[in-house]
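Just so you know, all these numbers are worked out from the coordinates, no wet-lab data involved. Only a predicted model underlies this, so the values are computations on that prediction, with no experimental measurement involved. Here the Cβ positions follow ideal geometry from the backbone for every residue, glycine too, while neighbour counts run over all protein chains shown.
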Amino acid sequence: MTLSLFDQFLSPVVCWIPLVAIAIMLPWILFPSPTTRWVNNRNLTSQNWFLGQSTSQIFSPINPSGHKWAILLSSLLIFLTTMNTAGLLPYTFTPTSQLSINMGFAGALWMGIVILGMRTQPTHSLGHLLPEGAPALLTPVLVIIETISLFIRPIALGVRLTANLTAGHLLIQLTSTATLALLTIMPITAIFTGVLLFLLALLEAAVALIQAYVFILLLSLYLQENV
Amino acid sequence: MPQLIPTPWLALLIFSWTIFTAIVLPKVLKHSFPDNPTLPSKQNLSKNKWDWSWH
């Protein structure tokens, strides 16, 4: 019974068209490419404002030599936010609930950041394995722990996003099934589960935005350490 | 858990990165952030004459 609830995360194929392809390709219609006009329409102006604000927020604490990562991280923010929120609509598929996509972004970007740090400033990057102000006796233990935490970062990054979205969608499916089933049997309880469903949907909307932001924020923190 | 089924893993990974680099990155790159317009200051009114020095 529980296994069939996870079926919503199977990559769906309808008439031999993988719907994940449509889910990834279609939302970009909502983001027009700016042209050389000085004043754009409201849609474009608000997207421009959001992009500029978020990029300056995320990149202000980073060394200016790391600012060349701005395009990658801010477009990834747009990508993840759009994928997450589009997945909240009924009958859509959430690509970011798949481990493959999240691990692909997390692993590749984490590895790029760590390799950049190791190549340009190896002493400084390795120095992060021993936090400042730690007692000298604890050094071996701390280095081992910090190394493990360094290598867990890409897994944690990818799995965090996957798990949050999977759990949210699963909860919504469970509560909606419960509401529908109770509607004929115990309508008052169905109203309560309906209210719960509404609150869950609000939570999921927040989680969709927050998790995308957290992904980018953590990558920017790792960049700060290594650039 | 369906996310662990290995068959579409590589295809999804490559496809998402392809769409990301082919569509999202160019769209975001085209956004520009011009400086805020400033009021004209009185000091800039003293202009030097352009002297067409190559004629």
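Using a Förster distance of 30 Å, how high is the FRET efficiency between residue A:183 and residue A:91, based on the Cβ-Cβ distance and rounded to 0.05? Mind showing how you got there, number by number?
Values: r = 20 Å, r/R0 = 0.68.
The pair residue A:183/residue A:91 has a calculated efficiency of 0.90.
Using every pair of alpha-carbon atoms in the range A:1-40, split the distances into 10 Å bins beginning at 0 and state the percent of pairs per bin, rounded to integers.
22, 29, 24, 14, 9, 2
Looking at chain A as a GNM with Cα springs under 10 Å, which of A:136, A:23, A:106 has the largest mean-square fluctuation?
A:136
Which whole-Hz ³J(HN,Hα) couplings does the range A:85-96 yield from phi under the Karplus relation 6.51 cos²θ - 1.76 cosθ + 1.60, θ = phi - 60°, glycine and proline marked x?
These are the phi-based 3J(HN,Hα) values: 6, 5, x, 7, 5, x, 6, 9, 10, 9, x, 7 Hz.
Round to the nearest 0.05 the FRET efficiency obtained for residue A:5 and residue A:48 when R0 = 45 Å and r is the Cβ-Cβ distance.
0.65
Beyond 19 Å, how much of the Cα-Cα pair distribution for chain B remains, as a whole percent?
Details: 1014 of 1485 pairs.
In whole percent, the long-distance tail amounts to 68.
When the Karplus curve 6.51 cos²θ - 1.76 cosθ + 1.60 is applied with θ = phi - 60°, which whole-Hz ³J(HN,Hα) does each residue of the range A:214-223 get, with x for Gly and Pro?
5, 4, 5, 4, 5, 4, 5, 5, 5, 5
Picking from A:53, A:173, A:98, which is most flexible by a Gaussian network model of chain A using Cα springs under 10 Å?
Maximum among the listed residues: A:53.
Where is the GNM fluctuation largest for chain A (alpha-carbon springs, 10 angstrom cutoff): A:69, A:49, A:38?
Result for chain A, Cα springs under 10 Å: A:38 fluctuates most.
Can you tell me the length gained on complete extension of the stretch residue A:137 to residue A:29, counting 0.36 nm per residue apart and subtracting the Cα distance? Could you put the intermediate results ahead of the total?
Working: separation 108, 0.36 × 108 = 38.88 nm, distance 5.79 nm.
Value of the extension gain: 33.1 nm.
Calculate the length of the line joining the C-alpha centroid of the range A:163-188 to that of the range A:70-88, in whole Å.
About 27 Å separates the Cα centre of the range A:163-188 from the one of the range A:70-88.
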